[in-house]
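The values are calculated or read from the model by the stated rules, or taken from the named source; none is laboratory data. Just so it is clear, the structure is predicted and the values come from calculations on it, not from any experiment. Heads up, the Cβs are rebuilt from the backbone with ideal geometry, glycines too, and the neighbour counts pull from every protein chain shown. Ligands, DNA and RNA are stripped out before the accessible areas are found, and what is left, the full protein with its side chains, is counted by its heavy atoms. Shrake-Rupley method; radii C 1.70, N 1.55, O 1.52, S 1.80 Å.
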Amino acid sequence: MTKKEDTGFIDRVWNFFASVKLAIVLLITISLTSIIGTVIEQQAAPEENIKVISRLFGESIAPTLYNIFLKMGFMDMYHSWWFVALLLLFCCNLIICSFDRLPRILKIIREPMVPIKDESFKGVAIKRELRLKGNLIKVSNETAHVLKSFRYNFAEIKEEKNIQFLTQKGRYSRLGVYITHFSILLILTGALIGGLFGFKGFLNLPEGETSTVAYSRNGNPIPLGFAIRCNSFDVEYYKNMDMPKAYKSDLSIIVDGKEVERKTIVVNDPLTYNGITFYQSSYGMVPGADGKFILKVVSKNGIEKVYDNLKLGDSFDIPGTSMSAKILDFSPALAINDKTGKPYTYSDELVNPAIYIGVYDKGAEKYRGWILKRYPETSNLPEGHKIEFVDYWGVKYTGLQVRNDPGVWVVYIGCITITLGLIIAFFINHKRLWVRLSEEGGSTRVIFGGSANKNKLAFEREIERMVRVLEGGRK
Amino acid sequence: MSSTFFGISTLSYIAAMAIYISYLAFKKKGIGIFATSVTVFGFINQTIALLLRWSESYRLGIGRAPLTNLYESLIFFVWTLILIYLIIEFKYKTHVFGAFVTPIAGLALAFIELSGMSKNIEPLVPALQSNWLIAHVMISFLGYAAFGVSFATGLMYLILRSDNRRQGIYIFWTICVSIFIIILAAFGIDYIHYKAVSSGQEMIIKEHLFESTFKNPSLAIDTVSWLVSAGLIFILWRYGLALKRLLHSFSLSVEILDEITYKTIAIGFPLLTLGVITGAVWANTAWGVYWSWDPKETWSLITWFIYAVYLHGRFVRGWRGKKVAVLSVLGFVAVIFTYLGVNLLLSGLHSYGSMK
């Protein structure tokens, strides 16, 4: 007695989860509740959202509403228990719904086609009938030929006075929907793997420094298992504009004191080592840092020398000559006043770094001038020598996002399969075709019967073309 | 150079819209052919303009496909919408849909002009320099254009299937159409009002949205705006059936409308999916997060869900006709909201989003 009730209960639960009605209700519920999180800024500072709420509902009730919303998890709603519960319910629905239907679909796919008993193909969705001269054998050979030319592999069933050709195409396309459903689960699984076993961190790494940890959002160190060094950071600008073209960090991975990998990363091109990926995310100036000027000096006859440890006021030689130069001044962002023609510094950031150089021959000053990092044409000296301002090094840090997401490949595979699933589901149809031939008084009666699970019109047209080829071949 | 061709195409599409609508009114075959010719002419010009803009960006040393800012994406949306429309017109051999599809193109183009968004070819900030982004924009807008067509045919379906003014679907579509007209008119008034005072052009819509009408400091103008809107809804509700009679006279079959709605959604849905995926891949290569529940992502998911409901309702629950036509209209409203509403309305509340 109890046992019977049990199965009844389980059946009811099963049917509840297997229903498409539930799927539709869930889709709508998730959609509607999701809207909340697009209006209220997620994981934001309380003031931000109190401002939003007072704009929407008025200032007087904003604090009260904020507290209510906070309790309901609206401030981080996509991670709140009820939203996660909705997603879980959605997954259960997807799984059970698919299991509920899959056996039936597999049966349809596996089942061999059976000949249609009814002589005039009653109840078949698409039907086309014609009469051809010639006996059964002749017409059946011709029909077989036409079917082959349309790339249909058929089974031939012979009866006393008639022959039936059975053929179908695209039966596996019925699985497209389930591939799509499965892919959604795969993507969610990937997200779960990433959430459970991965980490999100950041790291602000000054030029020349090395770190063995990244930091979580609350500032806790996360060990990397290797060391990472920032060799240099640089911003590349568009020509004649202060608009950044690329943020570049030259990074090295160091294991046991040895450099094992080196890469210059830019936004959209990160560095991955040992499953941990470093993304270019921001940059800044290290407060109170002591920078070094890196200059590349090339003399007229091609002798090259790189100075990588110069300070303001330092002198250096131009190799192969009796000349020397001295760094007299530095500007992080040099501009020329349009009216007076005088140079001035327009920003504290390293937007347009420039050095003011004095050039000397045997101790006597020859001339002075600005050399700008972003404008290589300023590095040419009148004598044909070149002083290139390579970098003002050691004052910037690169801001890196540090991520470990072991689930991302599962997500990507899910993305590929969901695309395939949808293409199969929408653009391939399961077509079934029966052709019945029977000899009736010197001529042969041919009936085409077809059914398709979608895009019937196209199949009808294909059958029409077959009929025309079959008729045309006789003329 | 490209702007001349863009100008010609904009004028052509707006002319085509008027001609298609007069075709609807007069039903002369010649007018229909004329409308199509003008559309094709506009389309050719727009194609040339897109290619020119592409090559211009290389000349400027920026070098990228014209698919990276709001202006370019809206232009591309119009281009694909017209392309899909022309294919449908060719396939179904009727000019009637034109009167419903070209206004969507006209609306997008008018929006470009009214918002005063930047049309310059600007260099890209580092985060936007990604082929995934180009793929994302292209695929998404192909999808949006397909949904645009399904919206038009879905709306026509609803109009044709309305019998009386008390019917739910009749009230639904008259309100939808009214809101479209009201929003566009309010944009227009804002534009005229603030054109003179606003220095930064793109600020008109972002900062003064509806300030000349619904959000006006003067209570009187405020009230009048709401009353006029209510009046418009009422007028449309009162005389909407005339539109039905007009459409009816073309002996359009509702089955064909239903079929086109489905087919365009069947094209749009995989494209939307792929658009979301390429966007996620781009986000992952740029920041290491493929999904962060930001409002744009969330709204694209909501759009995806609405069309998923359409498909399940249609295939599994056997919904046909009115119910799914309503969903096709709602789906496109969500598309527009994902694309513009998130930037315009939600970014007014928050600090992110930019009309650039």
Please verify whether region B:242-261 includes one or more residues that are of a type in the set (A, V, I, L, M, F, W, C) and within 13 Å of chain A (Cβ to nearest Cβ). yes
Considering region A:231-267, residues that are at the interface with another protein chain (Cβ under 9 Å from one of its Cβ atoms) and in a loop (DSSP other than H, G, I, E, B), and then whichever is most open to solvent (accessible area, probe 1.4 Å), we arrive at A:K239
Strands (runs of 3 or more DSSP E) fully within region A:383-475 counting 1 or more residues that are polar (S, T, N, Q) and more than 30 Å from A:I357 (Cβ to Cβ): A:396-404, A:431-440, A:443-452
Those residues of region A:293-323 which are open to solvent by 30 Å² or more (accessible area, probe 1.4 Å) and under 16 Å from A:R368 (Cα atoms) amount to A:L312, A:G313, A:D314, A:S315, A:D317
Taking B:G268, is it in contact with a helix residue (DSSP H, G or I) (Cβ under 9 Å, 6 or more places away or on another chain), open to solvent by less than 20 Å² (accessible area, probe 1.4 Å) and at pLDDT 90 or above? yes
Could you run through region A:5-39 and say how many residues are away from every other protein chain (no Cβ under 14 Å) and either closer than 23 Å to B:T303 by Cβ or among the hydroxyl-bearing types (S, T, Y) (or both)? 1
Within region B:319-343, residues within 13 Å of B:W173 (Cα to Cα), open to solvent by 10 Å² or more (accessible area, probe 1.4 Å) and more than 11 Å from the chain's Cα centre (by Cα) come out as B:K322, B:K323, B:V326, B:L327, B:L330
Looking only at region B:289-302, count how many residues are out of contact with any Leu (no Cβ under 7 Å at 6 or more places or on another chain) and part of a helix (DSSP H, G or I). 7
Do we find a residue being in contact with a Leu (Cβ under 7 Å, 6 or more places away or on another chain) and open to solvent by 80 Å² or more (accessible area, probe 1.4 Å) anywhere in region A:48-57? yes
How many residues of region A:409-424 are among the aliphatic types (A, V, I, L, M) and either surrounded by fewer than 20 Cβ atoms within 10 Å (Cβ to Cβ) or more than 7 Å from every other protein chain (Cβ to nearest Cβ) (or both)? The answer is 6
Considering region A:217-230, residues that are open to solvent by 20 Å² or more (accessible area, probe 1.4 Å) and free of Cβ contacts under 8 Å to residues at least 40 places away in the same chain, and then whichever is nearest to the other protein chains (Cβ to nearest Cβ), we arrive at A:R217
A:N429 meets each of (1) in contact with a strand residue (DSSP E or B) (Cβ under 6 Å, 6 or more places away or on another chain); (2) open to solvent by less than 20 Å² (accessible area, probe 1.4 Å) with one exception, condition (2)
What are the residues in region A:357-366 that are open to solvent by 60 Å² or more (accessible area, probe 1.4 Å) and part of a strand (DSSP E or B), if any? A:E365, A:K366
Among B:V316, B:V309, B:V289, the single one that is buried (at least 20 other Cβ atoms within 10 Å of the Cβ), more than 18 Å from B:V137 (Cβ to Cβ), free of Cβ contacts under 8 Å to residues at least 40 places away in the same chain and within 10 Å of chain A (Cβ to nearest Cβ) is B:V309
Need pairs with beta-carbon distance below 7 Å; first residue touching a residue at least 12 places away in the same chain (Cβ under 8 Å) and within region A:7-28, second of a type in the set (D, E, K, R) and not in a helix (DSSP H, G or I); sequence gap 6+ or separate chains. A:V20/B:R317
Looking only at region A:316-355, and only at residues there that are among the small types (G, A, S) and not in a strand (DSSP E or B), the one that is farthest from A:G384 (Cα to Cα): A:S347
Going by what's in this entry, would A:P270 be described as more than 14 Å from chain B (Cβ to nearest Cβ) and either within 41 Å of the chain's Cα centre (by Cα) or surrounded by 14 or more Cβ atoms within 10 Å (Cβ to Cβ) (or both)? no
Please verify whether B:K119 is more than 14 Å from chain A (Cβ to nearest Cβ), open to solvent by 30 Å² or more (accessible area, probe 1.4 Å), at positive phi and not acidic (D, E), treating the condition exactly as stated. no
Note: among A:L433, A:L372, A:L400, A:L437, just one is within 35 Å of the chain's Cα centre (by Cα) and either more than 30 Å from A:L350 (Cα to Cα) or among the aliphatic types (A, V, I, L, M) (or both), namely A:L400
Consider A:L295 carefully, then state whether it is within 26 Å of A:A246 (Cα to Cα), of a type in the set (A, V, I, L, M) and touching an Asp or Glu at 6+ places or on another chain (Cβ under 8 Å). yes
Pair list, Cβ under 6 Å, 6 or more apart: region A:373-402 residue more than 24 Å from A:I253 (Cβ to Cβ), other residue part of a loop (DSSP other than H, G, I, E, B) and open to solvent by 40 Å² or more (accessible area, probe 1.4 Å): A:G384/A:K300; A:H385/A:K300; A:F389/A:K373
For A:Q42, all conditions in the list (1) in contact with a Phe, Trp or Tyr (Cβ under 7 Å, 6 or more places away or on another chain); (2) more than 10 Å from chain B (Cβ to nearest Cβ); (3) farther than 22 Å from B:Y310 by Cβ hold save one; what is the number of the exception? (2)
Taking the condition within 14 Å of chain B (Cβ to nearest Cβ), buried (at least 16 other Cβ atoms within 10 Å of the Cβ) and not in a strand (DSSP E or B), does A:G201 pass? no
Going through region B:271-283 in order, the residues found to be more than 7 Å from every other protein chain (Cβ to nearest Cβ), more than 18 Å from the chain's Cα centre (by Cα) and open to solvent by less than 20 Å² (accessible area, probe 1.4 Å) are B:T278, B:G279, B:A280, B:V281, B:A283
